[in-house]
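Report on one structure; see the data block that follows.
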Amino acid sequence: MSEAPKSRPKVPEGSARYLITRQKSANDKGFVGYDTIWESFQKEKKYSTPKRP
């Protein structure tokens, strides 16, 4: 019988509303991992001290 191929197909970059996934290159054992990049859900505003009464 023939063996399964050792190389994995290249997966395109995935994107959702706040998440991006990218495929990493395979290591010596053939494991393929993924990078996940999260975008911020909230917007931050620069803090300024309030006026004194």
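The values are calculated or read from the model by the stated rules, or taken from the named source; none is laboratory data. From a predicted model like this one, the values you see are computed outputs, not experimental measurements. Using ideal geometry, Cβ is built from the backbone for each residue, glycine included, and neighbour counts are taken over all protein chains shown. Only protein heavy atoms, including side chains, enter the accessible area calculation; ligands, DNA and RNA are left aside. Shrake-Rupley method; radii C 1.70, N 1.55, O 1.52, S 1.80 Å.
Sequence gap of 8 or more, or different chains, plus Cα separation below 18 Å: how many lysine pairs satisfy both in the chain? Walk me through the numbers before you get to the answer.
Numbers: K6/K24; K6/K29; K10/K24; K10/K29.
Close lysine pairs found across the chain: 4.
Tally up the carbon and sulfur contribution to the accessible surface of the chain as a whole percent, 1.4 Å probe, everything protein left in place.
53 percent
Order these peptides, 32-41, 18-27, by their mean beta-carbon neighbour count within 10 angstrom, highest first.
Going from most to least packed, we get 18-27, 32-41.
Run the simple label-point estimate for Y18 and Y47 please: 7 Å along Cα→C-beta, distance reported in nm.
Label at Y18, label at Y47, 2.1 nm between them.
Heavy-atom accessible area per residue, the chain, 1.4 Å probe: how many Å²?
Roughly 112 Å² per residue, with all protein chains present.
Hey, could you get me the Stokes-Einstein D for the chain, Kirkwood radius over alpha-carbon pairs, 20 °C and 1.002 mPa s, rounded to whole µm² s⁻¹?
140 µm²/s
So for the chain, averaging the separation of alpha carbon pairs under 8 Å that are six or more residues apart and normalising by length, what relative contact order in percent results? Walk me through the numbers before you get to the answer.
Numbers: 45 pairs, mean separation 13.2, N = 53.
This gives 25 percent for the chain.
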